[in-house]
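Here's the structure, in structure tokens; my notes come after.
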Ligand SMILES: Cc1cc2nc3c(=O)[nH]c(=O)nc-3n(C[C@H](O)[C@H](O)[C@H](O)COP(=O)(O)OP(=O)(O)OC[C@H]3O[C@@H](n4cnc5c(N)ncnc54)[C@H](O)[C@@H]3O)c2cc1C
């Protein structure tokens, strides 16, 4: 997957079957689906792949225990099936993780035990393992850092875990293997119309400033919380459909939570769930759910959210986490679809929505990482109808992600070495085969150092810039600009 090769094709080939705007989970999934069905497919991402919400998830491939409690059985069942398929199709980026819910009364044990038993039953043949009822002693053995006071026992259940930004890059590579053109730093700035119908896009290359146009039979808007912005390019009078809901995570050292299993707190003071999940040798704690007035590519955690997460973690962890113990914090915006009469964003359903405008712009938003494949299948089915493309069957439920081993240099899942040393050959690979164009691409999404230890990422930035400059033929001024830009972003990840 090489950026220049992609641009060369876009320069020479102007007519496509499907153009997808947005390179997050939804758009990349759609690109894999459309390309693997044999449609001539282009995906345009304004920044880097997964720069938006798709690098900021809790990293769970899950049916959503919380949605079960909300009674949304259809969503849970669908997500559990998708979980099974994703773990099968991308075993190098996903894993099975045991989650433990501590319980403090017999009633709680019955309630969560039966609920989680049902969760497992709903996964059918794709079950990752049976839900188990744990005694107090077994619960402490599973979670040795848990406060013991009042503990009655626990429930252990299985769910999936993954690296979100890595999966995004692997989906991009998979789409390219199937013939798609995928390009980052390419912003759609306008829609083209033939008569009343959308038939293409205007694109600006954000690295060299050039603009060009492309035509397609169907245009899919998969821009997450930015969906309204693209819909406005189609209809000036458009009224917004997305309610952005912010969630944050705090990342701390393993010493606070030494277990290899995850902790699930089933009911926070605002009625949500909170996770502590071991990830790349750190622990990710979150999340929150707050409607926010502004849509930003770099949303910042609110002080109230930070306090909320710390307070809940400290209620359960033996060793108190201070603000200074937080190695990194990150916020993401859920692209929830507006729902009349919703009291707050936590009660808005997580299902996705597909809207076809009068001018045939196809917008898909909502949903979650876990269900990206199903969303992609549905939106490409819609593109086939809208764009009058020849009908072909979706094959992604059984399609390996990431292609051949040669496309993925390591199997250790992290691309980060002991003491966070990143090797030159990895950086060269990211630049030459994964379209990494900035220091942030390498430190935030090709590796996950910014999300794991923001201070360490800032320390590593000059060395990464120097190596990238060698492979990209850039001068010292470029390196300085890159490091400054990275530091400005990374400061927002330090508490
Ligand atoms: C805090 C939090 C935790 C979550 N945890 C989980 C979890 O554990 N498991 C799970 O399954 N789901 C989880 N989710 C949900 C999941 O992350 C999202 O549903 C998913 O990432 C949304 O992907 P998307 O592609 O729709 O949006 P995005 O990832 O935001 O992608 C949209 C892309 O469009 C690009 N774009 C915007 N405008 C343009 C333009 N004009 N031209 C070109 N490109 C453009 C943006 O740069 C962006 O990259 C979580 C969400 C949040 C916020």
Inset, instruction - For the stretch 92-112, indicate whether the set of residues that are within 16 Å of the chain's Cα centre (by Cα) and within 12 Å of the ligand (Cβ to nearest atom) is non-empty. - result: yes
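Out of the strands (runs of 3 or more DSSP E) lying entirely within the stretch 34-142, which hold 1 or more residues that are within 19 Å of residue 162 (Cα to Cα) and touching a helix residue (DSSP H, G or I) at 6+ places or on another chain (Cβ under 9 Å)?
Qualifying strands (runs of 3 or more DSSP E): 94-103.
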Legend entry - Filter result (within 12 Å of residue 191 (Cβ to Cβ) and under 26 Å from the mean Cα position of the chain (by Cα)) within the stretch 221-253: 221, 229, 230, 231, 232, 233
Legend entry - Answer from 41, 53 - the residue that is surrounded by 24 or more Cβ atoms within 10 Å (Cβ to Cβ) and near the ligand (Cβ under 9 Å from one of its atoms): 53
Inset, instruction - Considering (1) in contact with a helix residue (DSSP H, G or I) (Cβ under 9 Å, 6 or more places away or on another chain); (2) touching a residue at least 40 places away in the same chain (Cβ under 8 Å); (3) farther than 15 Å from residue 330 by Cβ; (4) buried (at least 18 other Cβ atoms within 10 Å of the Cβ), say which one residue 274 fails and leave the rest. - result: (2)
Inset, instruction - Give the stretch 247-264 a look and list any residue that's assigned to a loop (DSSP other than H, G, I, E, B) and surrounded by fewer than 23 Cβ atoms within 10 Å (Cβ to Cβ), or say none. - result: 258, 259, 260, 261
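Within the stretch 433-445, work out how many residues are part of a helix (DSSP H, G or I) and modelled with pLDDT of 95 or more.
7
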Legend entry - Qualifying residue in the stretch 63-81 (condition: more than 30 Å from residue 178 (Cβ to Cβ), at pLDDT 95 or above, surrounded by 22 or more Cβ atoms within 10 Å (Cβ to Cβ) and not assigned by TED's automatic domain parsing to the domain that holds residue 389): no
Inset, instruction - Kindly indicate the residue of the stretch 296-313 that is surrounded by fewer than 17 Cβ atoms within 10 Å (Cβ to Cβ) and within 12 Å of the ligand (Cβ to nearest atom) and also farthest from the chain's Cα centre (by Cα) among those meeting that condition. - result: 296
Legend entry - Exclusive hit being surrounded by 24 or more Cβ atoms within 10 Å (Cβ to Cβ) and either more than 11 Å from the ligand (Cβ to nearest atom) or assigned by TED's automatic domain parsing to the domain that holds residue 274 (or both), set 25, 35: 35
Inset, instruction - Could you tell me whether the stretch 163-175 includes any residue that is closer than 28 Å to residue 388 by Cβ, out of contact with any strand residue (DSSP E or B) (no Cβ under 8 Å at 6 or more places or on another chain), at pLDDT below 95 and more than 14 Å from the ligand (Cβ to nearest atom)? - result: no
Inset, instruction - Could you look through the stretch 265-278, keep only residues that are in a strand (DSSP E or B) and either away from the ligand (no atom under 12 Å from the Cβ) or over 24 Å from the mean Cα position of the chain (by Cα) (or both), and pick out the one that is nearest to residue 453 (Cα to Cα)? - result: 278
Inset, instruction - Among residues belonging to the stretch 217-246 that are out of contact with any helix residue (DSSP H, G or I) (no Cβ under 9 Å at 6 or more places or on another chain) and not in a helix (DSSP H, G or I), point out the one that is farthest from the ligand (Cβ to nearest atom). - result: 237
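The values are calculated or read from the model by the stated rules, or taken from the named source; none is laboratory data. Small disclaimer: the values here were computed from a predicted structure and weren't measured. Cβ sites come from the backbone with ideal geometry, for glycine too, and all protein chains shown count toward neighbours.
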